[in-house]
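Peer 1: Dropping the structure in here first, questions after.
Every number here is computed from the coordinates shown, using simple stated rules; none is lab data. As the structure is a prediction and not an experimental result, all values here were calculated from the model. Counting neighbours? That spans all protein chains shown, and the Cβs are built from the backbone with ideal geometry, glycine included.
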Amino acid sequence: MGRRRDQEASSSRALAPSGGARDLCTSSGAIPRTFAPQKPDLSNVSPSSLGTKKRSLFVKANFFAIENFNKDIAFHYDVTFNPDKPKKLLRLVWEEIKKIYFPDNIIAFDGVKNAYTMIPIAGGKNEIMEHKIKIPNKNKNRDFEFKVAIKLVARVDLALVDQRCIHILEVVLRSAAAVKYTPVGRSFFSLSKPSIPLMDGLVIRSGLHFSVRQGSDKLYVNFDSIHKAFLKAQPIVDTIREMFSSFSVPPPIERQIFQLRIILKGVKVAYSVPTDSKPRFCTIADVSKPPDQITCEFKGSIITVEEYFKNVKNYSLKYRNLPCLKVGSSAFVPAELCSIVEDQVVQTHLSDKQSGEMIKLAAIDPSERVKKIQAEKAYLDFENSPFAKGFGINMNSEFQEIRGHVLDPPKLAYNEGLVTPENGRWHSDSLFLQSAVLKKWTIFILDRCIEREDADKLASQLIKQGRDMGLTIDKPYPFRSLNTRSGGNIQFFEKELSMCSGFDLVIVVGNNKDNVYTNLKNAADRKLNICTQFIKSTTLRRYKDYSKIIHNIILKLNAKLGGVNHALNKSEVPAKFSNASVVYVGADVTHPSVGEIGSPSVAAVCASHDASGFRYNGQICIQPPKEEIIIDLERIMIHNLNVYEKNMGKKPEIILFFRDGVGEGQFDEVKSKEITAIQRACSKFGPDYNAKITFLVVQKCHHACFFPVEQTTGRNKNVPPGTVVDNTITNPKDREFYLVSHYSPRGCSRPCRYHCLWDDNELSENELQEIVYYQCYTYSRCEQSVSYPAPTYYAHHAAARGKLYLVGDNCRGRSKQFDKQPSCKDKLQELPGMYFI
């Protein structure tokens with residue numbers, strides 16, 4: 001994901017001719033639509049009337065205005081390295097080249113192959129300049145030798161303040177940051193600063209992230225303080241000791257090997273034998289068997305790795321039960337002889353436990369976050385760097401103050417009346433708007449630590465609280481205690497659950513070791529179509545009073561079983577929506593993490609199919625790895641329209657589509673492929689069918705933060721739920737706004753950024769912002785507004801469930817087999833009910 005380039009802007013203009021209806025892509029069969037990517041002209045509108053006319057709120061944003069910069073011609077050079085690896089040395093090679101050949105030039109380098117300067121090299125001639133440089137290699141006796149070719153490729157007029165100008169200014173800032181920080185992806189970390197211990201051989205480091213953003217009348221630098229998990233530089237034996245409480249006697253079981261593989265695959269280690277003097281550096285390709293189970297050929301004989309080190313290296317292994325690490329294509333070294341090299345970022349997704357602990361350790365209140373951003377910015381000291389002076393950049397030192405506004409929350413309809421949320425939260429004593437029926441149900445107990453009395457207590461409180469909230473719930477069928485020590489695989493759950501055919505619900509209490517949750521959902525959802533609710537046994541043991549746990553479980557169960565917890569009060573919804581049949585759609589694509597090389601991506605689309613906009617159906621499909629565009633969207637949308645018509649007896653007049661996970665650099669592709677796919681679906685759904693589409697992109701992965709100017713405003717010193725910023729730091733060419741929709745009891749509330757890419761409904765700013773905000777109150781799993789709209793949340797859950805199904809299909813990590821496996825390819829699966837929540 002990246003920013004839009006110049007060609008994207010030009011393509012947008014080509015797609016939006018002046019006047020009347022505009023075609024998005026008529027060559028692909030799209031229906032002519034009213035394309036509305038831009039805000040209406042607000043030049044004569046006062047700030048107080050931007051967006052909604054609710055109460056105003058002044059906020060500080062972590063945006064710092066670029067007051068001035070050199071608007072002359074910048075010279076762009078292409079820099080080619082041979083060899084072009086290792087990547088981490090390229091910046092060092094460039095600095096050596098610059099020091100020797102261009103010592104007086106201020107040149108910003110992006111660390112890969114682009115260099116920019118205001119003073120031309122060699123008089124601005126176009127010839128290729130070639131140089132050689134040597135860099136010491138600590139791993140080998142000989143130095144690295146690089147050939148570097150430099151060629152002028154463009155002259156960029158910075159006065160245009162276009163996307164190329166923004167990119168150059170960003171490279172200038174990154175060049176200054178690289179002097180004091182270590183680049184890690186698009187962020188920077190000061191590795192000399194103390195780290196915070198996490199768990200499992202991990203530490204937390206704080207760093208800095210920034211980007212140059214186009215505002216309403218000037219450019220801004222968005223600075224943010226961030227945290228990231230790093231591997232602790234230590235012997236791998238110590239990492240294993242931190243991950244597992246005991247490993248010295250029994251060999252690690254398969255589950256532990258799997259966990260080690262997730263953490264260590266791709267990690268750089270220093271390998272050394274005590275009898276040798278110099279360590280060697282290598283990268284872990286896999287975690288294998290213990291050294292007494294791996295053989296190799298040595299001088300015509302087959303010996304084990306353990307025997308090799310004892311007889312050849314004169315070293316007796318201390319931990320013979322620990323696995324060997326595969327390095328290179330065929331070499332194996334004992335884990336006890338390897339140490340993790342410092343300064344390596346964790347490349348895989350953190351576990352739920354690790355993520356929770358990291359959030360707890362890294363969470364700071366807004367005032368502390370302001371101080372931290374100021375401290376990181378002061379340490380960078382960009383204003384006094386030679387790069388700032390070389391490009392004439394003058395940046396404001398103060399947080400940008402902005403006039404925002406706060407939306408009122410919607411009233412929510414329950415069976416016995418309306419409820420008005422306060423500060424993004426509510427608790428209703430009223431019955432559900434529509435209550436589900438739970439007649440046949442039981443409890444499976446998988447944890448021997450859970451007593452029968454605990455299950456009885458869980459069931460009795462579930463019945464009492466469920467009935468209090470409106471559920472029609474009968475007494476459960478006899479409980480069953482199951483032993484998963486010998487299995488717990490999909491076949492095990494399929495066999496046990498098959499005895500519950502016709503049941504409305506099976507509650508499963510246990511821990512999630514050995515993929516129990518994954519196997520349960522594969523068997524229940526896909527094989528038997530039985531609704532299940534998994535409850536961690538640790539959760540029950542943690543609380544003596546189950547009432548709070550039960551309350552949240554009942555919220556989920558009512559939705560899973562077809563009920564409606566609550567709905568928006570229609571009198572407050574904009575008339576265009578309250579008087580029309582609307583289908584709310586959320587879409588997301590989840591990709592494999594760095595450690596899941598070749599695993600497919602999973603696309604998920606969830607769509608409402610009732611008058612309240614509460615009940616959803618979900619579909620998932622498998623895509624090639626890292627494919628962000630939803631390939632099967634046309635077929636999915638035809639299905640969603642059919643489901644809506646079947647349930648409502650009529651076709652939806654409006655499609656409100658929330659798309660998660662798309663970067664600005666992908667907007668044009670989304671317009672030309674996904675929006676046209678929706679349009680084609682509508683045209684195939686009926687010859688005269690012409691639903692009005694509003695398409696919004698929901699962006700969570702950004703670094704904007706807002707802080708109330710008045711410290712008494714908002715709980716926990718955060719801005720209140722409903723805070724909208726739609727001016728000053730937003731691009732005037734785009735229809736975008738920021739919205740903080742949730743209450744944050746700790747840490748700093750982070751807004752979502754919304755881009756409206758398409759709007760047949762011609763919604764006003766007021767209507768658009770309110771509709772988005774109100775959808776954050778329709779989430780079924782809690783009684784509080786959430787950080788982004790419910791349809792998008794459901795799509796996220798459905799995509800995550802799809803990743804679990806990949807385990808059942810054995811599709812993960814099989815890039816070479818992806819196109820050959822019918823079970824993994826072109827799979828479109830309907831998720832039963834709202835099981836995905």
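Peer 1: Report, in deg cm²/dmol and to the nearest 500, the calculated mean residue ellipticity at 222 nm for the chain, where each DSSP H run with n ≥ 4 adds -39500 (n - 2.57) and the sum is divided by the residue count.
Peer 2: So the helix-based figure for the chain works out to -7500 deg cm²/dmol.
Peer 1: So, in nm, how far is label Ser764 from label Glu242 when the simple model puts each one 7 Å beyond its Cα toward the Cβ?
Peer 2: Result: 5.6 nm between the two label points.
Peer 1: Also, quick follow-up: Quick check: from the Cα gyration tensor, does the range 72-160 come out rounded (a/c under 1.5), prolate or oblate?
Peer 2: Taking the square roots of the gyration eigenvalues as a ≥ b ≥ c, the range 72-160 is prolate.
Peer 1: Which whole-angstrom value gives the distance between the alpha carbon centres of the range 206-228 and the range 98-147?
Peer 2: What the calculation gives is 28 Å, centre to centre.
Peer 1: Follow-up. Rounded, prolate or oblate for the chain? Axes are the square roots of the Cα gyration tensor eigenvalues, ordered a ≥ b ≥ c, and the cut-off for rounded is a/c under 1.5.
Peer 2: It is oblate, given that a/c is not under 1.5 and a/b is not larger than b/c.
Peer 1: Measuring from the lowest to the highest alpha carbon on each principal axis, how far does the range 160-286 reach, largest first, in angstroms?
Peer 2: Cα extents, longest axis first: 67, 33, 27 Å.
Peer 1: Name the chymotrypsin sites (Phe, Trp or Tyr not before Pro) in the range 677-740 that are in a loop by DSSP and that have at most 16 other C-beta atoms within 10 Å, would you?
Peer 2: Tyr689
Peer 1: Could you please state, rounded to a whole Å, how far the C-alpha centre of the range 642-660 is from the C-alpha centre of the range 469-523?
Peer 2: 33 Å
Peer 1: Can you tell me the order of 300-312, 598-610, 454-466 when each peptide is scored by its average per-residue count of other Cβ atoms within 10 angstrom, highest first?
Peer 2: The most tightly packed comes first, giving 598-610, 454-466, 300-312.
Peer 1: Provide the percentage of antiparallel DSSP beta bridges, counting only those with both residues in the chain; round to the nearest 5.
Peer 2: If I count the DSSP bridges inside the chain, around 80 percent turn out antiparallel.
Peer 1: Using a Förster distance of 56 angstrom, determine the FRET efficiency expected from the C-beta separation of Asp162 and Asp429, and round it to 0.05.
Peer 2: 0.45
Peer 1: In the range 462-555, what chymotrypsin sites (Phe, Trp or Tyr not before Pro) fall in a loop by DSSP, with at most 14 other Cβ atoms inside 10 Å?
Peer 2: For chymotrypsin sites (Phe, Trp or Tyr not before Pro) across the range 462-555 that sit outside H, G, I, E and B with at most 14 neighbouring Cβ atoms in 10 Å, the list reads Tyr543.
Peer 1: Quick one: how many lysine pairs in the range 425-513 have C-alpha atoms under 23 angstrom apart, if they're 8 or more apart or on different chains?
Peer 2: Pairs that pass both the separation and distance tests number 11.
Peer 1: While we're looking at this one, here's another question. Give the order of Val221, Val341 when sorted by the count of other beta carbons within 10 angstrom, beginning with the fewest.
Peer 2: Val341, Val221
Peer 1: Going Cα to Cα from Lys646, which aspartates and glutamates come in below 17 Å? Please leave out same-chain ones fewer than 8 positions away.
Peer 2: List returned: Asp610, Glu830.
Peer 1: To continue, here is another question. At 10 °C and 1.306 mPa s, what whole-number value in µm²/s does Stokes-Einstein give for the translational diffusion of the range 435-560, with Rh from the Kirkwood sum over Cα pairs?
Peer 2: Calculated translational D: 108 µm²/s.
Peer 1: To continue, here is another question. With the cut-off at 1.5 for a/c, could you classify the range 201-357 from its C-alpha gyration tensor as rounded, prolate or oblate?
Peer 2: The shape class here is prolate.
Peer 1: With θ set to phi - 60° and the Karplus curve 6.51 cos²θ - 1.76 cosθ + 1.60, what are the ³J(HN,Hα) couplings of the range 190-199 in order, to the nearest whole Hz, using x for Gly and Pro?
Peer 2: These are the phi-based 3J(HN,Hα) values: 8, 6, 7, 6, x, 9, 10, x, 9, 5 Hz.
Peer 1: Sequence-distant or interchain residues sharing an amide H contact under 5 Å with Leu202, placed H: which?
Peer 2: Lys232
Peer 1: I need the peptides 288-296, 126-134 ranked by packing, meaning the mean over residues of other C-beta atoms within 10 angstrom, with the highest value on top.
Peer 2: 288-296, 126-134
Peer 1: Same structure again: Among the lysines, select those whose C-alpha is under 18 Å from the C-alpha of Lys673, and discard any that sit fewer than 8 residues away in the same chain.
Peer 2: Lys626, Lys684, Lys692
Peer 1: May I ask you to compute the full-extension gain from Arg485 to Asp343, defined as 0.36 nm times their residue separation minus their alpha-carbon distance, rounded to one decimal in nm?
Peer 2: Full-extension gain reported as 47.2 nm.
Peer 1: Quick one: which residues, 5+ away or cross-chain, put their amide H under 5 Å from the amide H of Leu438? H built at 1.01 Å from N.
Peer 2: HN-HN under 5 Å from Leu438: Thr472, Ile473, Asp474.
Peer 1: Then there is this: Would you calculate the separation in nanometres between label points at Ser612 and Ile119, each defined as 7 Å from the Cα along the Cα-to-beta-carbon direction?
Peer 2: For the pair Ser612/Ile119, the computed spacing is 7.1 nm.
Peer 1: I would also like to ask the following. In the range 209-239, which trypsin sites (Lys or Arg not before Pro) fall in coil by DSSP and have 12 or fewer other Cβ atoms within 10 Å?
Peer 2: Here no loop site has a sparse enough neighbourhood.
Peer 1: What nm value, rounded to one decimal, do you get for the distance between Ala375 and Thr275 when each label is placed 7 Å out toward the C-beta?
Peer 2: My value for the distance between the label points is 5.0 nm.
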